[in-house]
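Visitor: Right, I'll just put the structure down here and ask away after.
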Amino acid sequence: MKEKLLELARQVLELNPTELAKLMPEMKARMQCYDGSYEWEQAVVAFFIINAVRFKSQLPAAAVRLGPGPFAERPRLRVVK
């Protein structure tokens with residue numbers, strides 16, 4: 001199962017983020033019209049895949065903006081008597 005998920009992730013990361021963003025309104029509109037069909041389920045999964053790609057693309061900018069996290073620096077150890 002893990003191998004299948006990683007292969008799917010590799011395939012998703014090869015997709016063009018700009019083209020995915022253009023599909024997002026269509027997937028969102030289809031997702032909002034719940035009918036429980038297989039096509040509806042596909043739209044839900046596609047919407048969240050597109051969202052995941054968008055989120056992944058924004059992470060580097062957020063990391064630069066926020067700076068190093070609280071665990072980036074080792075704590076200063078001292079002898080306690």
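The values are calculated or read from the model by the stated rules, or taken from the named source; none is laboratory data. Keep in mind the model is a prediction, meaning the values are calculated, not measured. Note: ideal-geometry Cβ built from the backbone for every residue, glycine included; neighbour counts use all protein chains shown.
Visitor: Could you give me the residue pairs with C-beta distances under 8 Å whose first residue belongs to region 1-29 and is closer than 12 Å to V53 by Cα, whose second residue is of a type in the set (G, A, S) wherever it lies, and which are 6+ apart or on separate chains?
Guide: What qualifies is V12/A52; P17/S57.
Visitor: Spot the failing condition for K2; the list is (1) loosely packed, with under 11 Cβ neighbours inside 10 Å; (2) modelled with pLDDT under 90; (3) of a type outside the set (G, A, S), and only one is missed.
Guide: Going through the list (1) loosely packed, with under 11 Cβ neighbours inside 10 Å; (2) modelled with pLDDT under 90; (3) of a type outside the set (G, A, S), K2 breaks only (2).
Visitor: Under the condition of being among the small types (G, A, S) and surrounded by 13 or more Cβ atoms within 10 Å (Cβ to Cβ), which residue from region 10-51 is farthest from the chain's Cα centre (by Cα)?
Guide: A43
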